[in-house]
Amino acid sequence: GAVVSQHPSRVICKSGTSVKIECRSLDFQATTMFWYRQFPKQSLMLMATSNEGSKATYEQGVEKDKFLINHASLTLSTLTVTSAHPEDSSFYICSARTGEGNTIYFGEGSWLTVV
Amino acid sequence: GESVGLHLPTLSVQEGDNSIINCAYSNSASDYFIWYKQESGKGPQFIIDIRSNMDKRQGQRVTVLLNKTVKHLSLQIAATQPGDSAVYFCAENRGYSTLTFGKGTMLLVSP
């Protein structure tokens, strides 16, 4: 099946610094990628929808200047958490939609800890 | 039995039993539904999907039932195994819009 890869799987950064998470579709081209945030024992919360070559569409309440999303190619989208704070610590998950069948596959997620 | 935890409802079953996980969706215009399995610390894993022109679809050990009249979706897992223990999410989609996830159900399988 289709594979979506995220990197890094775990990252620890200092408060005030920025951290970048990559999401790659390994065996298909993804015109649309999605970024989610998940707190323990809760469901996935959509942060933004990323379309290749255009600006991301952010969900209400998500700060676009804090969570920078770049979808530079059909196989890569990045999420940069700028000026990270401890409350940004969370599990971040990306997904990518295949061109055929509208199936959406998820990456393995990235644990961010801000200290 | 089924119980409601702090955030996630939990379904506890014995190994070998059949499990049924339920989901109520919100948008009557949704035309595509997916069940995902999420193990602790990992991303969601696609299990099975169904389109609105169907009311039942079977996979390997799993069956999804869709009742559009009452906007209800269920996932049946036959002969549940300890490896099936995870959180299960239903998701709904309309056209090429974004997925909307349900709250999830934690499945605990005892040996």
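Residues are listed down the side, and each one gets a yes or a no for (1) of a type in the set (A, V, I, L, M); (2) free of Cβ contacts under 8 Å to residues at least 12 places away in the same chain:
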position: B:Arg57; (1), (2): no, yes
position: B:Arg61; (1), (2): no, no
position: B:Pro82; (1), (2): no, no
position: B:Ser85; (1), (2): no, no
position: B:Tyr88; (1), (2): no, no
position: B:Ala91; (1), (2): yes, no
position: B:Arg94; (1), (2): no, no
position: B:Thr98; (1), (2): no, yes
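For first residues located in the stretch A:1-22 and under 13 Å from A:Trp35 (Cα atoms), partners that are among the small types (Gly, Ala, Ser) and assigned to a strand (DSSP E or B) and lie 6+ apart or on another chain with Cβ distances below 7 Å form the pairs A:Val4/A:Ser25; A:Val4/A:Ser95; A:Val4/A:Ala96; A:Gln6/A:Ser110; A:Ile21/A:Ser110. Can you spot a residue in the stretch A:77-90 that is part of a loop (DSSP other than H, G, I, E, B) and either closer than 14 Å to A:Arg24 by Cα or modelled with pLDDT under 95 (or both)? Looking through the stretch A:77-90, none of the residues is part of a loop (DSSP other than H, G, I, E, B) and either closer than 14 Å to A:Arg24 by Cα or modelled with pLDDT under 95 (or both).
Report yes if some residue within the stretch B:70-82 is in contact with a Ser or Thr (Cβ under 7 Å, 6 or more places away or on another chain) and not β-branched (Val, Ile, Thr); otherwise report no. Yes, because at least one residue in the stretch B:70-82 is in contact with a Ser or Thr (Cβ under 7 Å, 6 or more places away or on another chain) and not β-branched (Val, Ile, Thr).
Does the stretch B:77-93 contain any residue that is at the interface with chain A (Cβ under 8 Å from one of its Cβ atoms), over 10 Å from the mean Cα position of the chain (by Cα), not aromatic (Phe, Trp, Tyr) and not in a loop (DSSP other than H, G, I, E, B)? Taking every residue of the stretch B:77-93 in turn, at least one turns out to be at the interface with chain A (Cβ under 8 Å from one of its Cβ atoms), over 10 Å from the mean Cα position of the chain (by Cα), not aromatic (Phe, Trp, Tyr) and not in a loop (DSSP other than H, G, I, E, B). Quick check on B:Ile50: is it away from every other protein chain (no Cβ under 11 Å), surrounded by 15 or more Cβ atoms within 10 Å (Cβ to Cβ) and under 15 Å from B:Val109 (Cα atoms)? No. Taking the numbered list (1) within 28 Å of B:Asp31 (Cβ to Cβ); (2) surrounded by fewer than 22 Cβ atoms within 10 Å (Cβ to Cβ) in turn, A:Ile93 passes all entries but (2). Could you check the stretch A:45-66 and list, in sequence order, the residues that are surrounded by 12 or more Cβ atoms within 10 Å (Cβ to Cβ), modelled with pLDDT under 90 and assigned to a loop (DSSP other than H, G, I, E, B)? The answer is A:Glu52, A:Lys55.
Mind listing just one residue for me: the one in the stretch A:1-20 that is assigned to a strand (DSSP E or B) and within 12 Å of chain B (Cβ to nearest Cβ) and, of those, surrounded by the fewest Cβ atoms within 10 Å (Cβ to Cβ)?
The initial filter retains those residues of the stretch A:1-20 that are assigned to a strand (DSSP E or B), namely A:4-7, A:10-13, A:19-20.
If we keep only those that are within 12 Å of chain B (Cβ to nearest Cβ) as well, we get A:4-6, A:10.
Values: A:Val4: 25, A:Ser5: 16, A:Gln6: 20, A:Arg10: 10.
Across the stretch A:1-20, the extreme among qualifying residues is A:Arg10.
The values are calculated or read from the model by the stated rules, or taken from the named source; none is laboratory data. On a predicted model such as this, the values are computed, not experimentally measured, just so you know. Cβ: placed from backbone, ideal geometry, glycine included. Neighbour counts: every protein chain shown.
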